[in-house]
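What follows is a set of notes on a single structure, which appears directly below.
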Amino acid sequence: MKSIIIPADKESIYWNEVVKKEARGIDDADFGEVQMTMGDTVITEKGVTDKKRFYLPKSLADKFDSHTLWFRITEDEAYNTYRDIEEIL
């Protein structure tokens, strides 16, 4: 099956299709699995016992290839800026 890359700046991205898909960033940074979308935010979760959650703005999404939602953000930026829900509310 051929993957179709959908740029996030297009309104054709179906956000309900990214749930339970992999989330990655710059340099293949691993943000875990998309758990849900809420408003302008994509909530991901990484880890099994020591779970880490990220609250990533949809505006940082770069593309979705039907398997992975790619973000324009590094792992350090995600850990330093988008780990706490209070920062986005």
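Read-outs: derived from the displayed coordinates by stated rules, not from any lab. Predicted model, so just to flag it, every value in this text is computed and none were measured. Don't worry about glycine lacking a Cβ; one is built from the backbone with ideal geometry, like all the others, and counts go over all protein chains shown.
Residue-wise, which Karplus ³J(HN,Hα) couplings in Hz belong to the stretch 56-61, taking 6.51 cos²θ - 1.76 cosθ + 1.60, θ = phi - 60°, and x for glycine or proline?
9, x, 4, 5, 8, 5
Going highest first, how would you order 17-29, 38-50, 67-79 by mean Cβ packing within 10 Å? Write out the running numbers ahead of the final one.
Values: 17-29: 15.9, 38-50: 13.5, 67-79: 17.8.
Ranking the peptides 17-29, 38-50, 67-79 by packing returns 67-79, 17-29, 38-50.
What is the magnitude of the charge dipole of the stretch 6-87 about its Cα centre, with +1 placed on the Cβ of each Lys and Arg, -1 on the Cβ of each Asp and Glu, and no other charges, expressed in debye to the nearest 20? Write out the running numbers ahead of the final one.
Details: 12 positive and 19 negative charges, 53 e Å.
About 260 debye.
Could you give the length gained on full extension between Lys52 and Glu77, defined as 0.36 nm per residue of separation minus the Cα-Cα distance, in nm? Walk me through the numbers before you get to the answer.
Working: separation 25, 0.36 × 25 = 9.00 nm, distance 1.42 nm.
The span from Lys52 to Glu77 would gain 7.6 nm if fully extended.
What is the set of long-range amide H partners of Ile73 at a cut-off below 5 Å, with H atoms built 1.01 Å from backbone N?
Close amide H contacts, sequence-distant or interchain: Ile26.
Once phi is turned into ³J(HN,Hα) by the Karplus curve 6.51 cos²θ - 1.76 cosθ + 1.60 with θ = phi - 60°, what whole-Hz value does each residue of the stretch 19-28 show in order, with x for glycine and proline?
5, 6, 9, 6, 10, 9, x, 4, 6, 6
For the stretch 6-87, what does the relative contact order come out to in percent, with C-alpha contacts under 8 Å and a separation of six or more?
With pairs under 8 Å counted, the relative contact order is 30 percent.
Each label point is 7 Å from the Cα along the Cα-to-Cβ direction; what then is the distance between the points at Asp65 and Lys21, in nm?
About 1.2 nm separates the two model spin labels.
Tell me which residues come under 5 Å, amide H to amide H, from Tyr82 once H is placed; ignore anything under 5 positions away on its chain.
Those qualifying (amide H under 5 Å, at least 5 residues apart or on another chain) number zero.
List the residues, sorted by chain then number, that are 5 or more residues from Gln35 or on another chain and whose placed amide H is less than 5 Å from its amide H.
Lys20, Ile43, Thr44, Glu45
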